[in-house]
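Engineer: My questions will all concern the structure given below.
Values in this text are rule-based calculations from the coordinates and carry no lab data. Computed from a predicted model, the values in this text were never measured in an experiment. Cβ placement follows ideal geometry from the backbone for every residue including glycine, while neighbour counts extend to all protein chains displayed.
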Amino acid sequence: MSVRAEFDDWAADGRDKGMEERHWHTAKHALSRMPIEEGDTILDLGCGSGYAGRALRETADAGLVYGLDGSPAMARNARSYTDDPAVAYVVGDFDALPFADDSVDHVWSMEAFYYASNPDHTIEEVARILRPGGTFYCAVNYYEENVHSHEWQERIDVQMTRWSTDEYRAAFREGGLHVAAQDLIPDREIEIPPADAFPTDEWDSREAMAERYRTYGTLLTVGVAP
Ligand code: SAH
């Protein structure tokens with residue numbers, strides 16, 4: 001199934017908002033670290049409901065914010081949640097970002113980068129459009145060390161890239177970005193039921209669920225354009 005078909009379905013049954021709620025637990029911590037200055041132009045890659053761009057307008061004085069998504073239905077939903085004229089949602093693909101060289105101050109992406117059909121090329125694209133000193137905040141919950149995420153590939157037809165923390169660093173460098181920071185952001189908000197509630201529909205044991213959220217959480221890799 002294409003990215004478009006898959007995520008158009010998700011948007012149609014409201015999964016854009018479900019993801020927003022879950023991802024916000026860790027996304028807000030990563031977003032608050034972005035070195036945004038007043039008036040900066042921001043791009044959100046794979047924006048889903050578009051919450052990240054709206055938050056950066058509200059909290060960080062971002063200037064223009066673009067959310068790019070391969071699913072027209074996602075972009076349409078995102079548009080419907082705001083009337084801020086400085087926020088634009090565009091349909092596009094990670095393969096060819098519709099932005100000029102050196103035209104974006106900072107790029108954000110949450111739980112989307114690993115769907116790129118050619119992730120190495122997407123990093124080159126990000127490096128191309130970023131102004132010197134601009135950053136790429138790339139947050140993922142699906143990565144090699146997070147063993148509890150591996151089964152996600154079975155639930156979706158779009159091919160996913162499962163890199164390790166080291167592979168993210170190496171690929172950023174290969175694609176033309178310096179690596180300024182990398183760390184795991186735990187999800188301390190999701191409620192983990194007491195031991196006697198396990199197994200649940202999703203989790204065999206309390207330990208596994210705790211490891212997934214509290215130990216691994218979200219992998220954030222921060223690239224900087226030279
Ligand atoms: N960032 C949002 C959405 C994550 S879901 C959040 O945190 O909730 C991943 C999103 O990336 C989907 O909306 C999907 O349509 C988009 N996407 C996946 N592959 C893409 C690609 N190759 N080009 C553009 N968008 C893509």
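Engineer: Within 10 Å of each candidate Cβ there may be at most 15 other Cβ atoms; applying that plus a DSSP loop requirement, which GluC sites (Glu not before Pro) in the range 192-226 survive?
Structural biologist: Listed in order of number, the matching sites are 202.
Engineer: What share of the DSSP beta bridges in the range 3-224 is antiparallel, in percent to the nearest 5?
Structural biologist: Antiparallel bridges: around 45 percent, rounded to the nearest 5.
Engineer: If you don't mind, another one. Looking at 36, 203, 48, which one has the Cα that reaches farthest to the positive end of the dipole of the chain (charges on Cβ: Lys, Arg +1; Asp, Glu -1)?
Structural biologist: Of the options given, the answer is 36.
Engineer: Where in the range 122-160 does the label zone of residue 166 land, with the point 7 angstrom along Cα→C-beta and an amide N cut-off under 14 Å?
Structural biologist: Answer for this model: 144-145.
Engineer: Take residue 174 and residue 84, extend 7 Å from each Cα along the Cα→Cβ direction, and tell me the distance between the two endpoints in nm.
Structural biologist: Result: 3.6 nm between the two label points.
Engineer: For residue 180, what residues show an amide H to amide H distance below 5 Å, using hydrogens built from the backbone and excluding near sequence neighbours?
Structural biologist: 222, 223, 224
Engineer: Grab the DSSP H runs of the chain that are 4 residues or longer, score each as -39,500 (n - 2.57), total them, divide by all residues and round the 222 nm result to the nearest 500 deg cm²/dmol.
Structural biologist: Calculated mean residue ellipticity at 222 nm is -10000 deg cm²/dmol.
Engineer: Can you give me the long-range amide H partners of residue 218? Hydrogens built in the peptide plane at 1.01 Å from N, cutoff under 5 Å, separation of 5 or more residues or another chain.
Structural biologist: Under 5 Å from the amide H of residue 218 lie the amide H atoms of 185, 187, each far enough along the sequence or on another chain.
Engineer: Taking the simple approach of a point 7 Å from Cα along Cα-to-Cβ for both residue 159 and residue 102, what is their distance in nm?
Structural biologist: 3.5
Engineer: Where the only charges are on Cβ atoms (+1 Lys, Arg; -1 Asp, Glu), what is the dipole of the chain about its Cα centre, to the nearest 20 debye?
Structural biologist: Using Cβ point charges on Lys, Arg, Asp and Glu, the chain gives about 360 debye.
Engineer: At 7 Å along Cα-to-Cβ for each site, give me the label-to-label distance between residue 151 and residue 58 in nm.
Structural biologist: 3.4
Engineer: Bin width 10 Å, alpha-carbon pairs only: give the P(r) of the chain as whole percents, running from 0 to the bin holding the largest distance.
Structural biologist: 8, 34, 38, 17, 3, 0
Engineer: For a quick check of your reading of the filter: which GluC sites (Glu not before Pro) in the range 1-48 sit in a DSSP loop and have no more than 13 other Cβ atoms within 10 Å?
Structural biologist: Filter output for the range 1-48: 37, 38.
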